[in-house]
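Participant: Sharing a structure, written as structure tokens. Questions coming.
The values are calculated or read from the model by the stated rules, or taken from the named source; none is laboratory data. What you are looking at is a predicted structure, and each value in this text was computed from that prediction instead of being measured. Ideal geometry is used to build each Cβ from the backbone, glycine not excepted, and the neighbour counts take in all protein chains shown.
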Amino acid sequence: MINRIPWVLVIFLVALWVPWYGSRFYTFLATDIAILALFALSLNLLLGYTGLVSFGHAAYFGIGAYTSAILMKTHGMPFAVSFPAAGLMAAAFALVFGYFCVRLTKIYFAMLTLAFAQIVWAICFKWNDVTGGEQGMPNVPYPDMSWMAAIPGLGGLRLGDQFYLLVLVLVALAVAALRRIVSSPFGRMLTVIRENPERAEFIGINVRRYQLAAFAVAGFFAGLAGALFGIFNRGVFPDFAYWTKSAEVLIMTILGGMGHFWGPAVGAMVLTLLNQQITSYTEYWPLILGSILVILLFGFPGGIVGALVAAGRRLTRRGNA
Amino acid sequence: MSALLALHDIQTAYGLSRVLFGISLEIAAGECVCLLGRNGVGKTTTMRSIMGLTRPSAGRVVWKGGDIAGWPPHRVARAGIGLVPEDRRVFAELTVWENLDVAQRACRRPGPWNVQRVYEVFPKLRELADRQAGFLSGGEQQMLTIGRTLMCNPELLLLDEPSEGLAPLVVDRLLEQVGELKQQGLTILLAEQGVDFSLRLADRVYVLEKGTVRHSGPASELREDAVLRDRLLAL
């Protein structure tokens, strides 16, 4: 019975209603979660589906954020141009960096993704004329959302609430596209490569080419998330591409469970909420985070969603017996 | 006789440990050739060398007149050589049908094989089409692995110890099925430890020992001459 409820639709509708709850804080949190969920889901295309551990996924998040911010702030381009451009630019960089990364395996692959990400960070940090250097690019403008006033009920909302609705719809579309990709024949090829790259190779799959394609697609969606985050954050800064950001998204993905499509989104939500809650009590957030990770890795290696799915199965089996 | 596949003095090593010390053999189109020998004599390594999974350090792998040594495995597969590895591992997370479908899409090599024809040779797979491959029995996995390889329309099938670890009844059925593939004109290179399975199928045999060819000749010779068989294959 639980399976019959269209959970994704229910959650989307509940999320749509957040602005009318009236709290600026909840809208802020929900926007944060939606964007990071897309970021984590894009990483899982590599981690959970293709079996590639990237330690440098923040590079593409950062490239997307800077591309969008530079186009909107410096060149006065509309959001409708800067948003897809951010994804394409991130994908283009992922294609170039990935070309070298997929030539290596396992830990060497991971280290090279990290190396490229640090190069991106260093460029953002130092290229003062374009990226604003260490100071970043504050005051990235909101997209023009005056058209929303034409939709009944949306005209009276605050700018932040309107932007949240825009984010929610764009993230939902991007996630739907990701979902299509992983369940397509292309997605099955990636699963096959993760299960056993050698076997995939001798049934005729050009493994490197598929890995590179997955890397570029993951970069594209990370770039879209970055573009949204730059606007949400009202500014773009070099630490968007810093290795701690890569670690953060990796933790979200593993926390939620990389074996399930929605795992990373759940991970993004739980980590963001926990962070908010716990930092209001203690400054030792990293200590708590570390403890959570230890418990998780030993007790629930499938992540939160993996544990829930296993528990659900146990319940139905008992119900049937 | 121009061979479909010929190995000329292949030498292969894993790191510092050398396994093949100059293997030469030939397979003509339509033949079933068997590599016989105990565990560790280099049967699997010979197959891996042909497939490009382990690159020979010396020697030539000649496929239809061209040297393919050093080609990546996916190119070898697309050239028409299909490997059924000894661990017969399927893609466990995919269904039976998806396993076959993925192989066809991977290779995109035109030819007579499609899902329906694989089901005709292995009717059991049709019943199991929607089952997750990881839950199949050993014999069913072996059928699926062979079927998956056929989806690429190979001209040469490399079968690495297909009977290993299967119950005698299952082996008998498998023998029939592989025999049927041979009837249909597929060229087969078989690696086996035991003589039962191999001598019933093979036209010619190469007996390997310590990475070299110890004996080669028609399978009938070994079938009939028990003394020779014991001398070559005694443990």
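Okay, residues lined up against (1) closer than 30 Å to B:CYS107 by Cα; (2) surrounded by 24 or more Cβ atoms within 10 Å (Cβ to Cβ); (3) of a type in the set (S, T, N, Q); (4) away from chain B (no Cβ under 14 Å):
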{"residue": "A:ILE203", "(1), (2), (3), (4)": "yes, yes, no, no"}
{"residue": "A:ALA216", "(1), (2), (3), (4)": "yes, no, no, yes"}
{"residue": "A:LEU228", "(1), (2), (3), (4)": "no, yes, no, yes"}
{"residue": "A:GLU248", "(1), (2), (3), (4)": "no, no, no, yes"}
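Participant: Given the criteria over 19 Å from the mean Cα position of the chain (by Cα) and either basic (Lys, Arg) or in a helix (DSSP H, G or I) (or both), does A:THR316 qualify?
Facilitator: Criteria met by A:THR316.
Participant: Within the range A:153-178, which residues are surrounded by 17 or more Cβ atoms within 10 Å (Cβ to Cβ) and either under 19 Å from A:PRO141 (Cβ atoms) or touching a strand residue (DSSP E or B) at 6+ places or on another chain (Cβ under 9 Å) (or both)?
Facilitator: Correct list: A:LEU157, A:ASP161, A:GLN162, A:PHE163, A:TYR164, A:LEU165, A:LEU166, A:VAL167, A:LEU170.
Participant: Sticking with this one: Limited to the range B:54-98, what total is found for residues that are more than 8 Å from chain A (Cβ to nearest Cβ) and over 15 Å from the mean Cα position of the chain (by Cα)?
Facilitator: Residues in the range B:54-98 being more than 8 Å from chain A (Cβ to nearest Cβ) and over 15 Å from the mean Cα position of the chain (by Cα): 24 in total.
Participant: Identify, by number, the condition in (1) surrounded by fewer than 24 Cβ atoms within 10 Å (Cβ to Cβ); (2) of a type outside the set (Ser, Thr, Tyr); (3) over 18 Å from A:TYR242 (Cβ atoms) that A:PHE93 doesn't meet.
Facilitator: (3)
Participant: Separate question: B:ASN114 - would you say it is within 14 Å of chain A (Cβ to nearest Cβ), of a type outside the set (Gly, Ala, Ser) and under 22 Å from A:SER184 (Cβ atoms)?
Facilitator: no
Participant: Does B:LEU157 satisfy the criteria of being in contact with a strand residue (DSSP E or B) (Cβ under 9 Å, 6 or more places away or on another chain) and either more than 19 Å from B:ARG200 (Cα to Cα) or within 12 Å of another protein chain (Cβ to nearest Cβ) (or both)?
Facilitator: no
Results for (1) at negative phi; (2) within 20 Å of the chain's Cα centre (by Cα); (3) at pLDDT below 90, shown as yes or no for each residue.
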| residue | (1), (2), (3) |
| --- | --- |
| A:LEU104 | yes, no, no |
| A:VAL130 | yes, no, yes |
| A:GLU134 | yes, no, yes |
| A:ASN139 | no, no, yes |
| A:LEU159 | yes, no, yes |
| A:VAL169 | yes, yes, no |
| A:LEU190 | yes, yes, no |
| A:ALA200 | yes, no, no |
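Participant: Something else: Exactly one of these conditions fails for A:ARG209: (1) buried (at least 24 other Cβ atoms within 10 Å of the Cβ); (2) more than 20 Å from B:GLU93 (Cβ to Cβ); (3) within 14 Å of another protein chain (Cβ to nearest Cβ). Give me its number.
Facilitator: With (1) buried (at least 24 other Cβ atoms within 10 Å of the Cβ); (2) more than 20 Å from B:GLU93 (Cβ to Cβ); (3) within 14 Å of another protein chain (Cβ to nearest Cβ) applied to A:ARG209, the lone miss is (1).
Participant: Based on what the data block shows, is B:ASP101 of a type in the set (Asp, Glu), touching a helix residue (DSSP H, G or I) at 6+ places or on another chain (Cβ under 9 Å), surrounded by fewer than 19 Cβ atoms within 10 Å (Cβ to Cβ) and in a helix (DSSP H, G or I)?
Facilitator: Yes.
Participant: Could you count how many residues in the range A:116-149 are surrounded by 15 or more Cβ atoms within 10 Å (Cβ to Cβ) and under 20 Å from A:TYR60 (Cβ atoms)?
Facilitator: 13
Participant: Hey, another quick one. Consider A:TYR49 carefully, then state whether it is surrounded by 22 or more Cβ atoms within 10 Å (Cβ to Cβ) and within 16 Å of A:GLU248 (Cα to Cα).
Facilitator: No.
Participant: Taking B:ILE27 as meeting all but one of (1) more than 26 Å from B:LEU175 (Cβ to Cβ); (2) within 16 Å of the chain's Cα centre (by Cα), write down the number of the exception.
Facilitator: Unmet for B:ILE27, out of (1) more than 26 Å from B:LEU175 (Cβ to Cβ); (2) within 16 Å of the chain's Cα centre (by Cα): (1).
Participant: Of all residues being in contact (Cβ under 8 Å) with a residue 24 or more places away in the chain and surrounded by fewer than 22 Cβ atoms within 10 Å (Cβ to Cβ) in the range A:179-190, which is farthest from the other protein chains (Cβ to nearest Cβ)? Just the residue, please.
Facilitator: Filtering the range A:179-190 for residues that are in contact (Cβ under 8 Å) with a residue 24 or more places away in the chain and surrounded by fewer than 22 Cβ atoms within 10 Å (Cβ to Cβ), the one farthest from the other protein chains (Cβ to nearest Cβ) comes out as A:ARG179.
Participant: Quick check on B:LEU53: is it surrounded by fewer than 21 Cβ atoms within 10 Å (Cβ to Cβ), in contact with a Leu (Cβ under 6 Å, 6 or more places away or on another chain), farther than 16 Å from B:LEU150 by Cβ and at pLDDT 90 or above?
Facilitator: No.
Participant: Do we find that B:VAL118 is assigned to a helix (DSSP H, G or I), of a type outside the set (D, E, K, R) and either farther than 15 Å from B:LEU5 by Cα or without any contact (Cβ under 8 Å) to a residue 24 or more places away in the chain (or both) in this structure?
Facilitator: So B:VAL118 fits the description; yes.
Participant: For the structure I just gave you, tell me whether B:SER24 is within 14 Å of chain A (Cβ to nearest Cβ), surrounded by 15 or more Cβ atoms within 10 Å (Cβ to Cβ) and either free of Cβ contacts under 8 Å to residues at least 24 places away in the same chain or more than 19 Å from B:PHE197 (Cα to Cα) (or both).
Facilitator: no
Participant: Please verify whether the range B:121-137 includes one or more residues that are exposed (fewer than 15 other Cβ atoms within 10 Å of the Cβ), within 14 Å of chain A (Cβ to nearest Cβ), closer than 24 Å to A:ARG199 by Cα and not β-branched (Val, Ile, Thr).
Facilitator: Looking through the range B:121-137, at least one residue is exposed (fewer than 15 other Cβ atoms within 10 Å of the Cβ), within 14 Å of chain A (Cβ to nearest Cβ), closer than 24 Å to A:ARG199 by Cα and not β-branched (Val, Ile, Thr).
Participant: I want to confirm something. Restricting to the range B:65-98 and keeping residues that are of a type in the set (A, V, I, L, M, F, W, C) and assigned to a helix (DSSP H, G or I), which single residue is farthest from A:GLU195 (Cα to Cα)?
Facilitator: Looking at residues that are of a type in the set (A, V, I, L, M, F, W, C) and assigned to a helix (DSSP H, G or I), I get B:ALA79.
Participant: I would also like to ask the following. Among what's in the range B:144-154 and is of a type outside the set (A, V, I, L, M) and more than 9 Å from chain A (Cβ to nearest Cβ), pick the residue that is surrounded by the fewest Cβ atoms within 10 Å (Cβ to Cβ).
Facilitator: B:ASN153
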